[in-house]
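Below is one structure, written out as structure tokens; comments come after it.
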Amino acid sequence: PAPGRLRPPDDLGPQGYRLLVSAEGIAIAGGGDAGLFYGVQTLIQLVAQQGRQLPGMTIVDRPALPVRGFMLDVSRGKVPTLRTLMRLAQTLAHFKYNQLQLYIEHTFRFPRHPEISAGADPITPEEIMRLDALCRAHHIELVPNLQSLGHHRRLLSLPRYAHLAETSWRWSFATANEETFALFDELYGDFLAPFSSRWLNIGADEPWDLGRGQSAALTAEIGVGRVYLRHVKRLHALAAKHGRNI
């Protein structure tokens, strides 16, 4: 077909596209806005490789995986600037990633709990809103990611929160302490507000001291596996309260 009459790829889904290069010109048809965007990214890559003279070709393409994500740890070492994060999102979009997560322990400025990020040069809610808007414009979902059990030595070492530590390791939250979930209710309220995504990654990996301190009695009664499951279910309910799936 002539480039101007290229048929949309109705069988390739919203992320699929057809790209035609012929003597008459270049045409791209997408199954949706994302597909059209990805077709343009492929054309940019072709021009970068071939220059101004392209060989004739037809490309029919769709992703094998509907979600293609990248998670960046922003809780160790230097916290990236908003400019760096925006440049990363644009680069990921060019290579057809469509999800970005920033792994966060303490490096977000919680409006109701500013001491958690004090001195860490944290990412602010306003910066998340700007990054979220740029991601959406580039067909990327910015998914909030907040550790919600272990990996909290910095937070649990602060005097205000020390009583919420499972053990003297100050690594995991005391899941048998109701104040733990009252705190996460407030943290989720602060943290999730600037994100448009309806998802939340709760982390909850590597709780080495779970069941060894404040939750020891509960663990002896129902087992450490069920203690962990109970914690995740409580977080699931909190996330739902704030309009999120975990």
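The values are calculated or read from the model by the stated rules, or taken from the named source; none is laboratory data. This structure is a prediction, so every number in the text was calculated from the model and none was measured. Virtual Cβ from ideal backbone geometry, glycine too; neighbours counted across all protein chains shown. Side chains included, ligands, DNA and RNA excluded: accessible areas come from the protein's heavy atoms. Shrake-Rupley method; radii C 1.70, N 1.55, O 1.52, S 1.80 Å.
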- Item | Residues of the range 235-246 satisfying the condition of being in a helix (DSSP H, G or I), open to solvent by 70 Å² or more (accessible area, probe 1.4 Å) and either among the β-branched types (V, I, T) or in contact (Cβ under 8 Å) with a residue 40 or more places away in the chain (or both) | K241
- Query: Would you pick out the residues in the range 210-232 that are surrounded by 13 or more Cβ atoms within 10 Å (Cβ to Cβ) and either at pLDDT below 95 or not in a helix (DSSP H, G or I) (or both)?
  - Reply: L210, G211, R212, G213, Q214, S215
- Message: Could you list, ordered by first residue, the pairs with Cβ atoms under 7 Å in which the first is in the range 156-182 and more than 15 Å from V224 (Cα to Cα) and the second is modelled with pLDDT under 95, at least 6 apart or interchain?
- Response: none
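Out of curiosity, is A48 open to solvent by less than 90 Å² (accessible area, probe 1.4 Å), of a type outside the set (V, I, T), in a strand (DSSP E or B) and farther than 29 Å from N201 by Cα? Talk me through it step by step, then tell me what you get.
On the way: open to solvent by less than 90 Å² (accessible area, probe 1.4 Å): yes; of a type outside the set (V, I, T): yes; in a strand (DSSP E or B): no; farther than 29 Å from N201 by Cα: yes.
So A48 fails the test.
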- Pull up the range 51-89, narrow it to residues that are part of a loop (DSSP other than H, G, I, E, B) and small (G, A, S), then point me to the one that is farthest from H106 (Cα to Cα). G56
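Considering the range 86-98 alone, what residues qualify as being buried (at least 16 other Cβ atoms within 10 Å of the Cβ) and either acidic (D, E) or over 23 Å from L65 (Cβ atoms) (or both)? Step through it out loud before you land on a result.
Residues of the range 86-98 that are buried (at least 16 other Cβ atoms within 10 Å of the Cβ), as a first pass: 86, 88-89, 92-94, 96-98.
Across the range 86-98, the qualifying residue is only M86.
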- Query: Taking the range 150-161 as the region of interest, how many residues are closer than 19 Å to A204 by Cα and either open to solvent by 10 Å² or more (accessible area, probe 1.4 Å) or acidic (D, E) (or both)?
  - Reply: 4
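Taking the range 20-45 as the region of interest, how many residues are among the hydroxyl-bearing types (S, T, Y) and either open to solvent by 20 Å² or more (accessible area, probe 1.4 Å) or in contact with a Phe, Trp or Tyr (Cβ under 7 Å, 6 or more places away or on another chain) (or both)? Write out each step before concluding.
Narrowing the range 20-45 to residues among the hydroxyl-bearing types (S, T, Y): 22, 38, 42.
Filter again for either open to solvent by 20 Å² or more (accessible area, probe 1.4 Å) or in contact with a Phe, Trp or Tyr (Cβ under 7 Å, 6 or more places away or on another chain) (or both), leaving 22, 38.
Of the residues in the range 20-45, 2 are among the hydroxyl-bearing types (S, T, Y) and either open to solvent by 20 Å² or more (accessible area, probe 1.4 Å) or in contact with a Phe, Trp or Tyr (Cβ under 7 Å, 6 or more places away or on another chain) (or both).
Here is a yes/no grid of residues against (1) among the aromatic types (F, W, Y); (2) crowded, with 20+ Cβ neighbours inside 10 Å; (3) part of a helix (DSSP H, G or I):
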| residue | (1), (2), (3) |
| --- | --- |
| L100 | no, yes, no |
| Y103 | yes, no, no |
| E115 | no, no, yes |
| A120 | no, no, no |
| E126 | no, no, yes |
| R130 | no, no, yes |
| A133 | no, no, yes |
| R136 | no, no, yes |
| S148 | no, yes, no |
